[in-house]
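Take a look at the structure set out below.
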Amino acid sequence: MSSLRANPLIDGLEPYDPKYLPARVMISANENTTDVPAEVRAAVLARLADLPFNRYPDPLANDLRDALAHTWGLERGNVIMGNGGDELLFNLALAFGGEGNALLNVPPTFSVYENNAQLTGTAVVNVPRRADFSIDEDAVIARASQGDVGLVIITSPNNPTGTLAGRAFVERLLDATRAVVLVDEAYSEFAAPGSSVADMVPAHDNLVVLRTFSKAYALAGVRMGYLLTSPAVVSELTKVRQPYSVDAVSQAIALEVVEHKEAFVPVIDRIKAQRAVLFEGINALSGATAYPSEANFLLVKIDDAIHAGVVWQRLFDAGVLVRDFSRGALTRNCLRVSVGTPEENAVFLSAFADALKG
Ligand code: PMP
């Protein structure tokens, strides 16, 4: 049989593989390893009891948009929902990428951005981070102000490095370019208060802030994310989105979570405290160094004398799943460890100490 006539854009593309394997301690995907609080689950189930399953959902999820606009001090027209942040990332590439438009990417960062660029025929311009993973701010601004860039993505805190972008830098960047600037704040709830740039949305029509329910709000399995941006950007995105991508069940669950957001604060605070415990625990070991992080994970550099891939396997054999970044050019010999519960972190630290010894 002749070969399938696949889209040339996907020729040679590696599918995104989250490398999710069953394990006793799953700290590889930056989830909140504590599920939604019992009282929130009860409220969700009550709301679902009389939800019509036979009708299409509200395509734009306007109740959620209103609730989130209220939370952020914005208008409904500043909010657009998506089937996870992932769908919104793809839609941004469709709407602001394409032939003649480049993505300015700041690696090492979330690999999905580059995949989306390839899928949408968007050129990728990489401005790599420095050795300490800080952004080369002047280089990003200089490149973003050239006319070919349609989309700039700044991840703050960055995945997998945990590094924050400075607010002053984002403001300078917004003023310097007509490209859409996406600040991906998927992990922002774990960062220093006041580090989000969401408050800059009203003053900059080219700013897009991504937020998700998958991390701090423990809804990775539900698939719900949103953008805070200008009505002009929302209007472009409504041209490319799938009309019913945000289903009625997910809308109902997310609405209940927004209404109970205070119930998540104790777990978020515990994760931040546990991040410090994990950081100190790792850096007390010889053979590994954790980078400082403002997210719910730590990037850990394994000393060159030991292969990170071997350490990953020893951890997995001990029932602990972490993420192997060791083959990335800019994350050589690194593993990424999500912050779990105190018990999970203790199991990890003990297994990690053993794995480093061999
Ligand atoms: N942005 C970043 C930086 C992420 O790490 C992730 C999740 N891995 C997402 C966006 C998307 O998350 P979700 O689709 O679950 O909302």
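The values are calculated or read from the model by the stated rules, or taken from the named source; none is laboratory data. Predicted, not measured: the structure shown is a model, and the values here were computed from it. In this analysis, Cβ positions are derived from the backbone assuming ideal geometry, glycine residues included, and neighbour counts consider all displayed protein chains. What goes into the accessible areas is simple: the full protein's heavy atoms, side chains included, and nothing from ligands, DNA or RNA. Shrake-Rupley method; radii C 1.70, N 1.55, O 1.52, S 1.80 Å.
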If we ask which residues in region 326-346 are open to solvent by less than 40 Å² (accessible area, probe 1.4 Å) and at negative phi, their number turns out to be 13
Since Asn7 meets every condition but one in (1) more than 16 Å from the ligand (Cβ to nearest atom); (2) assigned by TED's automatic domain parsing to the domain that holds Phe316; (3) closer than 30 Å to Leu182 by Cα, which condition does it not meet?
-> (2)
Yes or no: Ile135 outside any helix (DSSP H, G or I), away from the ligand (no atom under 14 Å from the Cβ) and either more than 30 Å from Ala252 (Cβ to Cβ) or open to solvent by less than 40 Å² (accessible area, probe 1.4 Å) (or both)?
-> yes
For region 223-236, which residues satisfy the criterion of being more than 8 Å from the ligand (Cβ to nearest atom) and open to solvent by less than 30 Å² (accessible area, probe 1.4 Å)?
-> Tyr226, Leu227, Leu228, Thr229, Ser230, Val233, Val234
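Table: residues versus (1) without any contact (Cβ under 8 Å) to a residue 40 or more places away in the chain; (2) closer than 19 Å to Thr120 by Cβ.
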position: Ala142; (1), (2): yes, no
position: Val152; (1), (2): no, yes
position: Asn158; (1), (2): no, no
position: Phe169; (1), (2): yes, no
position: Val180; (1), (2): no, yes
position: Glu185; (1), (2): yes, no
Positions within region 162-185 being open to solvent by less than 10 Å² (accessible area, probe 1.4 Å) and in a helix (DSSP H, G or I), in sequence order = Phe169, Val170, Leu173, Leu174
Would you mind stating whether Gly147 is surrounded by fewer than 17 Cβ atoms within 10 Å (Cβ to Cβ), within 12 Å of the ligand (Cβ to nearest atom), at negative phi and part of a loop (DSSP other than H, G, I, E, B)?
-> no
Among (1) away from the ligand (no atom under 16 Å from the Cβ); (2) under 17 Å from Val170 (Cβ atoms), which single condition is Arg129 missing?
-> (1)
How many of the residues in region 9-54 are over 30 Å from His260 (Cα atoms) and of a type in the set (A, V, I, L, M, F, W, C)?
-> 5
Do the conditions hold for Phe297, that is, is it open to solvent by less than 20 Å² (accessible area, probe 1.4 Å) and closer than 18 Å to Asn159 by Cβ?
-> yes
Could you grab me the full set of residues in region 191-211 that are within 12 Å of the ligand (Cβ to nearest atom) and open to solvent by less than 10 Å² (accessible area, probe 1.4 Å)?
-> Val209, Leu210
Test for Ala42: is it open to solvent by less than 70 Å² (accessible area, probe 1.4 Å), among the aliphatic types (A, V, I, L, M) and free of Cβ contacts under 8 Å to residues at least 24 places away in the same chain | yes
So which residues in region 45-60 are in contact (Cβ under 8 Å) with a residue 12 or more places away in the chain and either surrounded by 12 or more Cβ atoms within 10 Å (Cβ to Cβ) or not hydroxyl-bearing (Ser, Thr, Tyr) (or both), if there are any at all?
-> Arg47, Leu48, Leu51, Pro52, Phe53, Arg55, Pro57, Asp58, Pro59, Leu60
